[in-house]
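Report on one structure; see the data block that follows.
The values are calculated or read from the model by the stated rules, or taken from the named source; none is laboratory data. Quick caveat: nothing in here was measured; it's all calculated off a predicted structure. No Cβ is skipped: glycine too gets one built from the backbone with ideal geometry, and neighbour counts run over all protein chains shown. Accessible surface is based on the protein model in full, side chains and every heavy atom, while ligands, DNA and RNA are left aside. Shrake-Rupley method; radii C 1.70, N 1.55, O 1.52, S 1.80 Å.
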2 protein chains.
Amino acid sequence: MEGSPRGKLMIYTRVVIVGGGFGGLNCAKTLKKANLDVLLIDKKNHHLFQPLLYQVASAALSPADIATPLREIFADQKNTTVIMGTVDQVDKKNRKLLLQNGDEVPYDYLVIGTGARHSYFGNDQWEPLAPGLKTVVDALKIRERILISFEKAERTDSIQEAERHLNFVIIGGGPTGVEMAGAIAEIAHKTLFKNFRRINPEKSKIYLVEGAPRVLPPFPEKLSERARKDLEKMGVRVITNELVTNITEEGVQVGDDFIEAGNVIWAAGNIASPLLKTLDIPLDRQGRAMVEPDLSIPDHPEIFVIGDAACSIGKDGKPLPAVAPTAIQQGRYIGKLIRRQIPKKKRRPFKYFDKGGIATIGKNKAVGFFKAIHFKGIFAWLIWGFIHIFYLVNYRSQFGVMLDWTFHYLTGLRGARLIHKSIKERPDKK
Amino acid sequence: MEGSPRGKLMIYTRVVIVGGGFGGLNCAKTLKKANLDVLLIDKKNHHLFQPLLYQVASAALSPADIATPLREIFADQKNTTVIMGTVDQVDKKNRKLLLQNGDEVPYDYLVIGTGARHSYFGNDQWEPLAPGLKTVVDALKIRERILISFEKAERTDSIQEAERHLNFVIIGGGPTGVEMAGAIAEIAHKTLFKNFRRINPEKSKIYLVEGAPRVLPPFPEKLSERARKDLEKMGVRVITNELVTNITEEGVQVGDDFIEAGNVIWAAGNIASPLLKTLDIPLDRQGRAMVEPDLSIPDHPEIFVIGDAACSIGKDGKPLPAVAPTAIQQGRYIGKLIRRQIPKKKRRPFKYFDKGGIATIGKNKAVGFFKAIHFKGIFAWLIWGFIHIFYLVNYRSQFGVMLDWTFHYLTGLRGARLIHKSIKERPDKK
């Protein structure tokens with residue numbers, strides 16, 4: 001790219017941001033009016049509003065509702081260029097990135113916000129059996145699997161086979177797992193109720209498995225209890241204090257029990273992006289970069305790691321939570337540092353403002369907290385809705401999502417129940 | 001399925017409809033209150049509003065806007081069961097269907113509305129280079145290719161390579177080809193205008209190639225001329241009277257000229273579903289069943305073929321056009337025949353009511369006709385919009401599409417500009 005006959009001469013300080021998630025996006029936006037050359041590189045062409053991704057997986061929203069082209073977001077930000085590409089390696093010494101297509105991209109400041117993928121704790125063979133939920137493709141795959149399961153159950157003549165197709169296991173009782181379990185319970189017990197002739201989707205069994213003693217571990221204990229009760233009211237079987245020891249095509253081994261299930265969804269563990277390994281610095285157990293108080297890496301005040309890719313220690317001595325507000329605040333903090341080009345010694349450490357947490361369970365059901373205040377029920381559910389609508393990046397998506405939600409609220413239907421591929425045909429086991 | 005322990009005893013006349021397109025859907029709906037057992041089999045789980053599919057391919061609409069789950073449509077129609085499956089063969093003698101998974105489905109009446117796929121006139125090797133537009137997957141594939149082309153053009157250092165990525169060839173000047181060419185011109189010359197830094201999407205060249213002497217061959221000549229002018233105003237190069245003789249990775253051979261292009265879209269030929277071959281009856285050149293005046297097949301008054309799968313001769317002695325109104329009217333006609341179980345001898349022949357045609361070219365630009373009346377410009381464009389909104393099956397989609405269109409009209413943006421996969425990385429040719 002350097003010396004390209006078509007590229008402009010780079011006379012400004014070059015800031016390269018890898019990853020267009022909450023961290024990278026907010027960092028780039030903070031640099032809006034700076035006299036800098038900003039280059040944003042992402043594997044995808046869009047920013048994804050990940051907190052609502054489970055709604056794509058559960059057929060309530062379309063991908064375009066929660067994803068916005070990065071180019072569109074930065075169309076009017078003249079100092080910023082967006083390219084779609086994969087960064088393979090950071091060359092700290094020569095201050096440049098190596099892209100998968102062979103391009104080299106030099107930088108003066110580098111911000112890494114490449115996020116995390118799901119981790120199977122060394123059991124990578126589970127991945128095809130229990131897909132996780134990080135990208136639009138993941139969500140569409142899960143949506144397709146869920147919908148096809150009901151189709152298969154309707155078609156098979158074997159009662160046992162039908163039951164297996166109607167059983168769901170969600171592994172991991174954090175917000176994603178809780179929200180996914182609630183959404184599947186709604187699909188099975190409400191949305192699809194009248195849609196089938198031979199099967200009764202209400203007979204579907206949904207299991208939520210969490211290794212810790214309670215669901216939503218980072219939430220206050222009372223709210224975890226409330227979430228559990230709400231889930232159980234919706235027909236979800238909540239299993240805590242049990243570990244998944246095996247996943248097969250037939251189902252999931254949970255402690256001493258084997259649960260037959262045709263659909264398993266992984267919402268349990270994360271591992272940070274492999275790009276961090278090329279930094280050659282200490283990483284934590286989840287593969288995240290151990291960053292300094294100014295979010296830079298040791299000996300390289302010009303390289304920052306933010307969001308789910310970083311392990312940043314809060315004032316309580318614990319790592320900051322891997323949630324959107326952390327990434328957003330870090331992105332803005334770094335943006336300001338770079339804009340003013342503050343030298344390492346003068347940088348004030350990053351301060352995290354804890355916005356609490358909120359998780360929705362189903363219609364009119366949610367739990368949330370902010371400092372010592374707890375919310376639950378319809379009030380929490382409304383707050384959840386407003387927060388998510390408010391943060392959706394572009395206005396068009398806000399209207400679209402509100403429309404979809406209003407429709408869904410009034411009718412109980414889910415608009416995006418599409419199976420794009422043909423059903424995989426093989427003679428049924430009889 | 002027969003004698004299944006879980007299936008109900010079939011004491012009613014069994015009507016099996018293969019294909020949930022315009023024909024099959026309307027046939028099943030007409031049978032709503034009949035004392036019959038209706039089984040609708042489709043490869044997909046949704047009815048697709050195909051006339052708007054090009055808007056998914058051109059990133060203006062999301063798949064869920066124009067596709068509705070078949071189960072949802074028939075949720076309240078008690079006599080109708082929907083299954084997702086692929087029919088491999090019709091056994092006329094034993095009056096049953098053989099499904100790909102080995103199931104056998106008996107019928108008393110059989111309605112085949114399996115539509116058509118695109119045909120490459122014996123050059124099947126062109127398919128990966130020039131995808132056609134029939135299913136949601138097709139549309140998403142084309143959308144991805146178009147968007148990735150602009151990304152690649154932005155990234156490459158070679159001017160020649162960039163130009164190739166910015167050139168588009170649409171083969172086939174019927175309504176789909178015309179609408180697709182107009183939509184790509186809008187994307188390239190309007191939507192993406194501010195989105196790129198290194199390339200100028202306005203430099204994109206869009207070619208529409210038609211073998212006949214004019215675009216929109218079934219339309220009145222004056223309207224073809226108007227469509228051509230509208231397209232040319234939008235920057236589309238219209239080539240008529242020329243045949244495509246080869247397609248390679250580098251571009252398209254059109255007559256004596258080779259057009260370098262990274263994106264080729266096929267909107268030229270159709271071939272009816274291969275299921276028709278198993279009927280063992282005369283087919284026309286496009287593989288369509290030659291049906292009798294009551295749309296049944298020779299010697300089998302209980303088997304009907306409708307829509308794009310049928311070649312039905314109109315009163316002018318020519319085959320009826322392969323458009324949605326034909327399929328809709330045929331589906332309803334067959335539905336009434338079956339509802340009253342009219343014996344072959346007493347059936348009045350199917351009468352086609354010609355609704356004319358309409359094609360949109362771009363914002364405020366369309367051409368249409370109904371009998372001797374011609375429409376063009378903004379008036380035709382508004383009529384086009386109303387017709388399409390009106391016919392969209394479910395109310396929710398109508399709102400969604402209107403919203404997307406209003407947004408698009410006011411802002412010129414396209415909401416669904418998503419690339420789900422990573423860009424295919426290979427060292428750029430330099």
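The C-beta contact set for region A:27-52 (first residue within 17 Å of A:GLU72 (Cβ to Cβ), second residue open to solvent by less than 20 Å² (accessible area, probe 1.4 Å) and among the acidic types (Asp, Glu), distance under 8 angstrom, 6+ apart or interchain) comprises A:ASN45/B:GLU151. If you go through region A:268-304 and keep only what is among the aliphatic types (A, V, I, L, M) and within 17 Å of A:LYS93 (Cα to Cα), you end up with A:LEU275, A:LEU276, A:LEU279, A:ILE281, A:ILE297, A:ILE303. Taken over region B:48-81, the criterion of being touching a helix residue (DSSP H, G or I) at 6+ places or on another chain (Cβ under 6 Å), at the interface with chain A (Cβ under 9 Å from one of its Cβ atoms) and either in a helix (DSSP H, G or I) or open to solvent by 10 Å² or more (accessible area, probe 1.4 Å) (or both) is satisfied by B:PRO63, B:ASP65. Taking the criterion of being open to solvent by less than 10 Å² (accessible area, probe 1.4 Å) and over 16 Å from B:ASN270 (Cα atoms), the residues of region B:122-142 that qualify are B:VAL136, B:ALA139, B:ILE142. Any residue that is touching a residue at least 60 places away in the same chain (Cβ under 8 Å) and open to solvent by 70 Å² or more (accessible area, probe 1.4 Å) - is there at least one of those in region A:371-382? Yes, region A:371-382 contains at least one residue that is touching a residue at least 60 places away in the same chain (Cβ under 8 Å) and open to solvent by 70 Å² or more (accessible area, probe 1.4 Å). Looking at region A:241-286, the strands (runs of 3 or more DSSP E) lying wholly inside it that each contain 2 or more residues that are touching a Lys or Arg at 6+ places or on another chain (Cβ under 7 Å), in contact (Cβ under 8 Å) with a residue 60 or more places away in the chain and surrounded by 13 or more Cβ atoms within 10 Å (Cβ to Cβ) sit at A:269-272. Of all residues in region A:82-114, exactly one satisfies the criterion of being within 14 Å of chain B (Cβ to nearest Cβ), assigned to a strand (DSSP E or B) and more than 28 Å from the chain's Cα centre (by Cα), namely A:GLU104.
Has region B:349-358 got at least one residue that is modelled with pLDDT of 70 or more, over 23 Å from the mean Cα position of the chain (by Cα) and surrounded by 12 or more Cβ atoms within 10 Å (Cβ to Cβ)? The answer is yes; a qualifying residue exists. Being under 27 Å from B:ALA416 (Cα atoms), modelled with pLDDT under 90 and open to solvent by 30 Å² or more (accessible area, probe 1.4 Å) is a description that does not apply to B:GLU2.
Restricting attention to region A:151-196 and to residues that are among the aromatic types (Phe, Trp, Tyr) and touching a strand residue (DSSP E or B) at 6+ places or on another chain (Cβ under 9 Å), the residue that is surrounded by the fewest Cβ atoms within 10 Å (Cβ to Cβ) turns out to be A:PHE196. Take the conditions (1) at pLDDT below 90; (2) within 15 Å of A:ASP108 (Cα to Cα); A:GLY7 misses just one of them, which is (2). Selection of region B:288-304 for residues being within 30 Å of B:VAL244 (Cβ to Cβ) and in contact (Cβ under 8 Å) with a residue 24 or more places away in the chain yields B:ARG288, B:ALA289. For region A:219-239, taking the residues that are closer than 19 Å to A:ASP257 by Cβ and free of Cβ contacts under 8 Å to residues at least 60 places away in the same chain, the one that is least open to solvent (accessible area, probe 1.4 Å) is identified as A:VAL236.
Only residues that are more than 19 Å from B:GLN50 (Cβ to Cβ), buried (at least 17 other Cβ atoms within 10 Å of the Cβ) and modelled with pLDDT of 95 or more were counted in region B:100-121, giving 4. Each residue in region B:8-28 was checked for being open to solvent by 20 Å² or more (accessible area, probe 1.4 Å) and in contact with a strand residue (DSSP E or B) (Cβ under 9 Å, 6 or more places away or on another chain), and 8 of them qualify.
Okay, residues lined up against (1) modelled with pLDDT under 95; (2) among the charged types (D, E, K, R); (3) under 23 Å from the mean Cα position of the chain (by Cα):
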| position | (1), (2), (3) |
| --- | --- |
| A:VAL178 | no, no, yes |
| A:ASN195 | yes, no, no |
| A:ASN200 | yes, no, no |
| A:SER204 | yes, no, no |
| A:VAL215 | no, no, yes |
| A:PRO220 | no, no, yes |
| A:ARG226 | no, yes, no |
| A:ARG237 | no, yes, no |
| A:THR240 | no, no, yes |
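For region A:384-401, the candidate set comprises residues that are at pLDDT 80 or above and open to solvent by less than 40 Å² (accessible area, probe 1.4 Å); within that set, the residue that is farthest from A:PRO220 (Cα to Cα) is A:ILE389.
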